[in-house]
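Comments concern the structure below.
The values are calculated or read from the model by the stated rules, or taken from the named source; none is laboratory data. Being a predicted model, the structure only gives us computed values, none of them experimental. Note that each Cβ is placed from the backbone with ideal geometry, even for glycine, and that neighbours are counted across all protein chains shown. We work out accessible area using only protein heavy atoms, side chains counted, and drop any ligands, DNA or RNA first. Shrake-Rupley method; radii C 1.70, N 1.55, O 1.52, S 1.80 Å.
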Amino acid sequence: MAERKTGSSGSGSRRRSRNRQFEEEREELDERVVDITRVSKVVKGGRTFGFRVTAVVGDNRGQVGFGIGKARTVPDAITKATQRARKDMHPIPLEGTTIPHEVIGRCGGARVLLRPATQGTGVIAGGGVRAVLSAAGINDVLTKSLGSSTAVNVVQATMDGLNQLRRVEQVADERDKPVAEVMPFWRRRES
């Protein structure tokens, strides 16, 4: 019988390096559990209880995503939520340590006002809004939660607000105006 080289040693080392890269990437991400809620379903024999977890994952450099996971046990629900949040991650335009402009995000009855702040202000926010903004790497912002205080809707409203953000250069191109004219007031003073 002829010996056949399969190259398994090469692919094994490649797989190990891929796993190592995934673990390193996983360590860099900031995972936050925002809300854990017990939910029940009425069935013929009574009630079955489960858990719904809302989680936020970000890299603290302008990428953030959120996910909801449901399971019978809390650890399984957390795992599902963080996996979904990782898949949902997308970039957000930042202006230094704050956001480029004021925006109101909406989801259901919840509305979240996000307003840029000067450097050194900090994250003036509570609950789910703070978790999303901190995971995204936004360090200076003023917020106000308006309407419903349901944690899931507040997080989704915050994500909606962040998705509405646009860069100064993009707005200037759309309006056919110079960048200095569209720039936020605190950056105009610096120039």
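Structure notes:
- From Val74, Val42, Val57, Val53, residue being β-branched (Val, Ile, Thr), open to solvent by 70 Å² or more (accessible area, probe 1.4 Å) and farther than 30 Å from Ala172 by Cα: Val42
Quick grid of which residues meet (1) modelled with pLDDT under 90; (2) basic (Lys, Arg); (3) farther than 30 Å from Asn153 by Cα:
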site	(1), (2), (3)
Ser8	yes, no, yes
Arg14	yes, yes, yes
Gln21	yes, no, yes
Glu25	yes, no, no
Thr37	no, no, no
Gly50	no, no, no
Val53	no, no, no
Asn60	no, no, no
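- Ala157 farther than 18 Å from Asp30 by Cβ, open to solvent by less than 10 Å² (accessible area, probe 1.4 Å) and not in a strand (DSSP E or B): yes
- Annotation: of all residues in the range 128-154 being in a loop (DSSP other than H, G, I, E, B) and in contact with a strand residue (DSSP E or B) (Cβ under 7 Å, 6 or more places away or on another chain), the one that is farthest from Thr37 (Cα to Cα) is Asp140.
- Apart from one condition, Glu102 fits all of (1) surrounded by fewer than 19 Cβ atoms within 10 Å (Cβ to Cβ); (2) within 24 Å of Glu28 (Cα to Cα); the exception is (2).
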